[in-house]
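The block underneath contains the structure these notes are about, expressed in structure tokens.
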Amino acid sequence: TSKKKSSYEIVTLTTWLLKQEQRGDIDGEMTIVLASISTACKQIASLVQRAPISDLTGVQGAVNVQGEDQKKLDVVSNEVFSSCLKSSGRTGVIASEEEDVPVAVEESYSGNYIVVFDPLDGSSNIDAAVSTGSIFGIYSPNDECLADIGDDATLDSVEQRCVVSVCQPGNNLLAAGYCMYSSSVIFVLTIGTGVYVFTLDPMYGEFVLTQEKVQIPKAGKIYAFNEGNYAMWDDKLKKYMDSLKEPGDSGKPYSARYIGSLVGDFHRTLLYGGIYGYPRDKKSKNGKLRLLYECAPMSFIVEQAGGKGSDGHQRILDITPTEIHQRVPLFIGSVEEVEKVEKFLA
Ligand code: P6P
């Protein structure tokens, strides 16, 4: 029977996920994990948008494993993300920017997916209501880490096994995405079949499909670097940065756009083209961004959109982390722009 296509067919994230499951692109457990992540993001969106009202701005008064002052919302967002994942029953291990070590999830009873995330990236922007975001990546289950979590397994052997199972190269990612809390709440997701963009409709609290199979422009004259660090960069990078300011044959130099929030700068780069960079410098020998739950998920997304994610010399997705909070330099965006900086750094 021919189904009349309704003129007003809305595809929500929920219906989109079920369709991918029916196509066999993801299994039932992954569908549930992704749905639980979208629920966490909706909760964080409402917390972020009401932060000044509910006294959730400012610092928590603690320092995280990164040595950074934890904001109140860093802690709350981490709790929201962790509890949504745990209650999904399909997550085996979680690794968060806000947790010192990976956490084996006892409540898991099937699927056992490994989820890495930064629950609230760019939280220093919260008090000024500037864009922030949550970033996540999902790796295949790894039961070895969960084996004999009984009382006989000493804690550090379980922890060590969890670190090993979590420290996988980005090439192993099954899914990656982010939720940007900005003028719109935007959920961006790839399961390896292209990049899909969903916009939260506050009228009824659902993420609605607004862009599919996004392709990043091959080039773009927008760069997002913190040039305050220029004096600490090595000479090759300084030459690259200087070259962006020459008008060139087009007669126009590049434009600088820097939000100070990776998710905001990345999303603009994905849609408009250009490059985001957080290079190493004399102070931060490996740059600032973390490989496992910032650089690798964003690089999976950008490659799915036809872009490039590099540490300046190699693909981010080829790098295997040796510890969960490992930092790497990051250059990510349009292929021609990333290749241009790689040439200067060769
Ligand atoms: P800087 C936020 O703390 C973050 O991790 C990214 O979201 C952002 O792009 C970068 O650091 C900003 O760092 O040193 O320029 O303030």
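The values are calculated or read from the model by the stated rules, or taken from the named source; none is laboratory data. Since the structure is predicted, the reported quantities are computational estimates derived from the model, not experimental observations. FYI the Cβ positions are ideal-geometry reconstructions off the backbone, even for glycines, and counts take in every protein chain you see. For the accessible areas, the whole protein counts, side chains as well, though only heavy atoms, and no ligand, DNA or RNA atoms are used. Shrake-Rupley method; radii C 1.70, N 1.55, O 1.52, S 1.80 Å.
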Mind giving me the FRET efficiency for THR199 and ALA128? R0 is 25 Å, r the Cβ-Cβ distance, nearest 0.05 is fine. 0.60
Residue-averaged [θ]222 nm for the chain, counting only DSSP H segments that reach four residues, each worth -39500 (n - 2.57): -9500 deg cm²/dmol
From the Cα trace of region 175-235, what convex hull volume per residue do you get, rounded to a whole Å³? 161 Å³
Given a 1.4 Å probe and every protein chain left where it sits, what share in percent of the accessible area of region 185-250 is carbon and sulfur? 56 percent
Pairwise FRET efficiency - SER284 versus VAL63, Cβ, R0 = 22 Å, nearest 0.05: 0.80
Mean separation of Cα pairs under 8 Å and 6+ residues apart, divided by the residue count of region 167-256: what relative contact order is that in percent? 16 percent
Per DSSP, the loop-located GluC sites (Glu not before Pro) within region 222-324 having at most 13 other beta carbons within 10 Å are GLU323
To one decimal place, what orientation-averaged projected area in nm² is obtained for the convex hull of the Cα set of the chain? 20.0 nm²
In terms of the alpha carbon gyration tensor, root eigenvalues a ≥ b ≥ c, rounded if a/c is under 1.5 and otherwise prolate when a/b exceeds b/c or oblate, region 76-135 is prolate
Kindly identify region 23-149 as rounded, prolate or oblate by the Cα gyration tensor criterion: order the square roots of the eigenvalues as a ≥ b ≥ c, call it rounded if a/c is under 1.5, otherwise compare a/b with b/c, prolate if a/b is larger, else oblate. prolate
Specify the longest stretch of the chain that does not include any exposed loop site, a site being one of the chymotrypsin sites (Phe, Trp or Tyr not before Pro) with a non-H, G, I, E, B DSSP assignment and at most 13 other Cβ atoms within 10 Å. 205-346
Shape category assigned to region 2-83 from the gyration tensor of Cα positions, a/c cut at 1.5: oblate
Just by accessible area at a 1.4 angstrom probe, what is the order of ASP201, ASP27, ASP249, ASP127 from largest to smallest? ASP249, ASP127, ASP27, ASP201
Calculated FRET efficiency for the pair ARG23/LYS245, C-beta based, R₀ 45 Å, to 0.05: 0.40
From the P(r) of region 272-312, could you give the percentage of C-alpha pairs in the tail past 18 Å? 28 percent
Net lengthening on full extension, LYS252/SER83 (0.36 nm per residue, minus Cα-Cα): 55.9 nm
